[in-house]
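What follows draws every value from the coordinates through simple rules; no lab data is involved. This one's a predicted model, so the numbers in the text were calculated from it and none came from an experiment. Because the Cβ atoms are built from the backbone with ideal geometry, glycine has one as well, and the counts that use them run over all protein chains shown.
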Amino acid sequence: MTTPLLGRAQAALAAGRMADAATLYREVVARWPHDGAGWLALSVAAAALGQADDALAAAEQAAFLLPAYAPAWANVAEQRRQAGRMEEAGTAYAHLAALPSLPADLAADAENGLALVARHNGQPLVAEAHWRRAIALDPTFAGAYANLGKMLFDQQAMHAARAALRQAVSLDPANGGTRMNLALAHKALEQQAVAVDELRRLLAQPGTSEQLAHDARYNLARLLLLRGPGAEAWTLHESRWKVSHFPSVRRSFPVPVWQGDSLLGRRLLLWGEQGLGDEILFASQVPDLAAGLSDAVRAAGTDILLECDERLVSLFARSFAPITVVGRPAAVARSGSRDTSADPRTATATTQLPTGSLARYCRPTLASFQAARPFLKPDPERSTLWAGRVAALGPGLKVGLCWTSGLLTAERAISYTTLADWLPLAQVPGIHLVSLQYNRDIAAIEIPQARARGLDIADWPDLDQRDDLEGAAALISTLDLVLTAPTSVGEIAAGLGVPTWRISTPSQDWSGLGTMVRPWYPAMRIFPAPREEETLADVIQRMVHALAALAVGPAAASPPPTLPTTLNGALALHQAGRRDEAEAAYRRLLADGPADAQARGDTLHLLGLLLHQTGRSEEAEPLLRQVLAAEPGFFEAWNSLGAVLLALGRRAEAADAWRTALRLNPGYDKAAANLGRLGPYA
């Protein structure tokens, strides 16, 4: 029988007045402690108020009093799961699933819950089976599709993840988190344009939470940077400080953020962020600022300080003079404290900037990376000492190898190896391998095992390559070549100007900026990580073949041959006006067979452009047509084709080419300017 008290409680709950409902239902269960429905309603109200302990206690009592009532068991299972009591949640979901005459929607909820518990327990196959059953019971269950898709994404099963996430979004378009995961799945499958569209849709969608919007902007920034640097991408990149998971804390220095304006009479504090490799990458732009610190500018009160990882201080100080370099204690960086640094000189700054924001002002476009040069300078005395130790290995190429990182994630794991994966190097004559593996625990285990299997690799345990970065840089500077996974070792080597071959995934690594190289480092060549039909062994074999072409036999008296050019190196020759050498380099790259279709397209495009610039437009046209047949969305190549066709006197076709470039990229100023020069009759 409904009493006035119960009626008021029910009305409050129905109206969403949860505080009133909770108060009233507490009075209800105090009067009638065996009223299971009252306990269930109290649980719902308490949960809505964020009173997790009270919600769970009430849910437990409701389920005890209503052992055959499905909603009570659905509620207690969910409350247990949210409280982290996964084993008990699994018991409740199983009880729910076993209830007779269970409606299909609640049966699907039970399967979804069992899947979540199984996934938490490290049983992905069991979880997938439960989610598939949930979907079979309720084909409109968007949450089951979304949860399945996220698990498959985390397992790197991208095609299956995309299919599940697409279905989830079609059933529940307003679920921003699922749309974000779908965008990331498209990115992983190299469908960047679709991923960009999904993120823009998410940002335009009403109801998108502030946190989700920050995450979407940062992911959009990295996707746009995969097309090449630009104002929108670098602006969105600033959202990194507000994303859900970021490896650095934004420091709270009590001075304004530098906006790229004049530094005359000001003291700029640059502060490093993220990991060691990131600090080195971003520091590649510091020479741009150091070059402007003339005596006259410094006399006007202008100065630049660079705060960095303490291990980098002496190396950076030598490399970036006259910039002042100070160390950053790890505890300060982690806390983001207003205690700006252990070094009092940072307190004299009048403006500040994290180094990851430098590119916004120093490298705004891809063309601005033409100035990139080796920028690190090793300690000459230590380099001399290491040169002697390395020379003692004997004649032949001295090749450094760093095969894995101290930071392994599912996304990064595709580019990391074990030393045993490199056993094919044992078959290359005329080389001496040098370990650059800074993780001594890994090196101590894997080097003896590899030596036992015939891979001779020099290792000097007396050098702490993790913390003595001056020593590591000195050793690396004496080598002819460095082979590396994505590690700080590769950043140091390329920063020193040592030829560096890096395994990575250009289609996923934003720092490649839409190229098949990393424009920050002219000395770096990329060997793309394996695609679905490949393994790391295939990539390593390509590197071994390339290395074998360089190696000199033990008896050879001549110095090692020049390392082959990279696309970035060929482009540098092109931009320097050394067109004959650039043409030869482009043709050599094409003859060697670029690693993938995108690299071949870039090389053909640049060769076609060079031929046009040297008056051979008739030779350039078929190369550009070949590029566009394979990649019709390559708007820069359409622009180049327009210039070629105009030079050949085919004005109307040139206009059509430029219009195509503008359709593909409405903001492409070069094509707009070219079309504008044709006048109103284009």
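On full extension, the segment bounded by Thr418 and Asp53 gains 126.7 nm, given 0.36 nm per residue less the C-alpha separation. Classify the stretch 376-498 as rounded, prolate or oblate, taking a ≥ b ≥ c as the square roots of the eigenvalues of its Cα gyration tensor: rounded when a/c is under 1.5, otherwise prolate if a/b is larger than b/c and oblate if not. Oblate.
Evaluated over the Cα positions of the stretch 230-333, the convex hull gives a direction-averaged projected area, one quarter of its surface, of 7.4 nm². Relative to the longest principal axis of the Cα atoms of the chain, the long axis of helix 635-647 makes an angle of roughly 40 degrees.
Rounded to the nearest 20 debye, the dipole size of the chain about its Cα centre is 1180 debye, using +1 on the Cβ of Lys and Arg and -1 on the Cβ of Asp and Glu.
The separation of the stretch 278-294 from the stretch 58-112, counted between C-alpha centres, amounts to 59 Å. Taking packing as the residue-averaged number of other Cβ atoms within 10 angstrom, the listed peptides 93-102, 258-267 run from highest to lowest as 93-102, 258-267. Per-residue ellipticity at 222 nm computed for the chain from its helices equals -16500 deg cm²/dmol, with DSSP H segments shorter than 4 residues left out and the rest contributing -39,500 (n - 2.57). Calculated FRET efficiency, Ala291 to Gln191, Cβ-Cβ distance, R0 = 25 Å: about 0.05 to the nearest 0.05. Dipole magnitude for the stretch 267-363: about 100 debye, using +1 per Lys or Arg Cβ and -1 per Asp or Glu Cβ, origin at the Cα centre. Each of Asp105 and Glu238 was given a label point 7 Å from its Cα along the Cα-to-Cβ line. The distance between the two points is 4.6 nm.
With R₀ set to 30 Å, the beta-carbon distance separating Gln211 from Asp464 gives a calculated FRET efficiency near 0.15. Extension gain, Arg588 to Ala94: 0.36 nm times the residue separation minus the Cα-Cα distance gives 171.4 nm. Label zone (Asp172, point 7 Å along Cα-to-C-beta; backbone nitrogen cut-off 14 Å) within the stretch 180-200: 180-182.
Comparing Cα centroids, the stretch 220-270 and the stretch 351-409 end up 23 angstrom apart. Within the straight-line cut-off of under 28 Å between alpha carbons, the lysines reachable from Lys670 are Lys187, sequence neighbours fewer than 8 places apart in one chain being disregarded.
Spacing of the modelled spin labels on Asp538 and Arg650, each 7 Å from Cα toward Cβ, amounts to 3.6 nm.
For the stretch 614-666, rounded, prolate or oblate, judged on the Cα gyration tensor with a ≥ b ≥ c (square roots of eigenvalues), a/c < 1.5 rounded, else prolate if a/b > b/c?
Because a/c hits 1.5 or more and a/b fails to exceed b/c, the stretch 614-666 counts as oblate.
Fully extending the segment from Met86 to Ala549 would add 161.0 nm, taking 0.36 nm per residue of separation and subtracting the current Cα-Cα distance.
The C-alpha atoms of the chain define a longest principal axis, and helix 142-154 lies at about 30 degrees to it. Over all Cα atoms in the chain, the spread is summed up by Rg and Dmax: 30.6, 104 Å. In this simple spin-label approximation, Ala300 and His34 carry label points 7 Å from Cα along the Cα→Cβ vector, and these lie 9.0 nm apart. Quick one: helix 536-550 against the long Cα principal axis of the chain, what's the angle to the nearest 10°, folded into 0 to 90? On a 0 to 90 degree scale, this one is about 10.
Overall, the anisotropy analysis places the stretch 81-130 in the oblate class: the square-rooted eigenvalues a ≥ b ≥ c of its C-alpha gyration tensor yield a/c not less than 1.5, with a/b not exceeding b/c.
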